[in-house]
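For reference, the structure is listed below as structure tokens.
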Amino acid sequence: MNIQVEIGDPAAVSSDALVVGVFSDQDSLPGPADLIDTALGGMIGKLKSDGEIKGRNGELTVIHTPVAAKSDLAAKRVLVAGLGKEEKLTLDFAKMFDQQVS
């Protein structure tokens, strides 16, 4: 597995999967997730408003890129990662995954 962090337009990143984060305590999507949501025709926002994506810490949702969005989105899949409450987000990723496994 090759994980790469890039700065720039997330919709232009050609990859097998593109990861974007969403918070549980926000109705709006953070910048990169909002850009990808636009490229997907509002699919992330719709899944969030329907309750399928809750944004809970450690929650993962895979969205396969529809053929119609291929011209706007270079990634084959979008992985929406729940980040929990924004005020509790830290850079201590190991701690986040330890809580998920325990």
- Return yes when GLY51 is open to solvent by less than 90 Å² (accessible area, probe 1.4 Å) and in contact with a helix residue (DSSP H, G or I) (Cβ under 6 Å, 6 or more places away or on another chain) and no when it is not. no
- Checking ALA11, ALA33 in turn, the sole residue that is in contact with a helix residue (DSSP H, G or I) (Cβ under 9 Å, 6 or more places away or on another chain), surrounded by 13 or more Cβ atoms within 10 Å (Cβ to Cβ), over 18 Å from LEU83 (Cα atoms) and touching a residue at least 40 places away in the same chain (Cβ under 8 Å) turns out to be ALA11
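The values are calculated or read from the model by the stated rules, or taken from the named source; none is laboratory data. Just so we're clear, the structure is a prediction, and the values are computed from it rather than from any experiment. Methodologically, a virtual Cβ is constructed for each residue, glycine included, from the backbone with ideal geometry; neighbour enumeration extends over all protein chains shown. Ligands, DNA and RNA are stripped out before the accessible areas are found, and what is left, the full protein with its side chains, is counted by its heavy atoms. Shrake-Rupley method; radii C 1.70, N 1.55, O 1.52, S 1.80 Å.
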